Amino acid sequence: RSAAAANMPLLGKRVVVTAGGTREPLDPVRYLGNRSSGKQGVALARAAAAAGAEVELVAAHMDVAPPEGVKTTRVETALQLRSAAIDAAERADVVIMAAAVADFRPAETAETKIKKRDDAADPVITLVRNPDILQELVRLRSDSGQGPALIVGFAAETGDSRGDVLEYARQKLRRKGCDLLVLNQVGRDLVFGQDSTTVSILRQAGGEPRTFSGTKDEAAGMIITAVADELA
Ligand code: CTP
Ligand code: CA
């Protein structure tokens, strides 16, 4: 390999990164959201660009700005993220699903602001499932026989009395069918909004996971290296 190829292992590759947390509207002024800061996704987009890739960021709500010089599509809801991700995936070699996609959305969005009323019961919010975008990308690829060479999922897991985090991640990797799964270990005040993180990378192809701790930028570098290795 030439020096340039060694430093830029993703040269000529098109990489789509989804990042941030979706917001599901309840009415014109309120939404259901989550604590995703978008930092990990932005770090991944930056690391992929530094590795030579042409990067497209599909960004839901983020506390941080998208990286300079990276094509960015802003979205709000899971359904919007789904359309943007499926569209971008058509011209991508790699899709990295780092976004925190809401599993559920309100069944109905009020057209006007929900008001307190003394003559009626307090509202009850009914939720419906959002589509699983990662699973859908994998299914579209196998149905059409074309699409991104590599689809990468994320899992934020907390261990509990019924299982350890790696076992949950293995189950998720099997269920999702993606090529790589990046496990983030989360606790009540770990990871979300923080600058450091512990990640493990699991391969659909099997083998021992790679685990490391560091800043989100260092983790992004390791993940991009694993992506390049998997493509090679
Ligand atoms: N994901 C997705 N579409 C959804 C939910 C999740 O594409 N509707 C993606 C995330 O971007 C992530 C991966 O699936 O890459 C795993 O998300 P996670 O929330 O950990 O998995 P779920 O299948 O939603 O399982 P859980 O019940 O543990 O939340
Ligand atoms: Ca989920």
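Nothing in this text is a laboratory measurement; each read-out follows from the coordinates by a stated rule. Predicted, not measured: the structure shown is a model, and the values here were computed from it. Here the Cβ positions follow ideal geometry from the backbone for every residue, glycine too, while neighbour counts run over all protein chains shown.
Descriptive notes on the structure:
- Relative to the compact-globule estimate of 2.2 N^0.38 Å, the Cα radius of gyration of the range 122-177 comes out at 1.53.
- For the range 106-149 versus the range 40-77, the gap between their alpha-carbon centres in whole angstrom: 23
- Proximal aspartates and glutamates to Lys116, defined as alpha-carbon separation beneath 16 angstrom and excluding residues fewer than eight positions away on the same chain: Asp27
- Formal net charge of residues neighbouring Arg141 (Cβ-Cβ distance under 11 Å; K, R +1; D, E -1): -3
- Given charges at beta-carbon only (K, R positive; D, E negative), |dipole| of the chain in Debye: 160
- Computed over the alpha-carbon pairs of the range 15-174, the distance histogram in 5 Å steps reads 2, 8, 16, 18, 18, 15, 10, 7, 4, 2, 1, 0, 0 percent, short to long.
- Only Lys, Arg, Asp and Glu carry charge here, each on its Cβ (+1 for the first two, -1 for the last two); on that basis the range 90-163 has a dipole of about 80 debye about its Cα centre.
- Nearest 10 degrees, 0 to 90: helix 133-144 Cα axis against the chain principal axis: 60
- Gain in span if fully extended, Lys113 to Gln135, counting 0.36 nm per residue against the direct Cα distance: 4.5 nm
- Every pair of different Cα atoms in the range 1-52 enters the Kirkwood calculation, which places the hydrodynamic radius at 13.3 Å.
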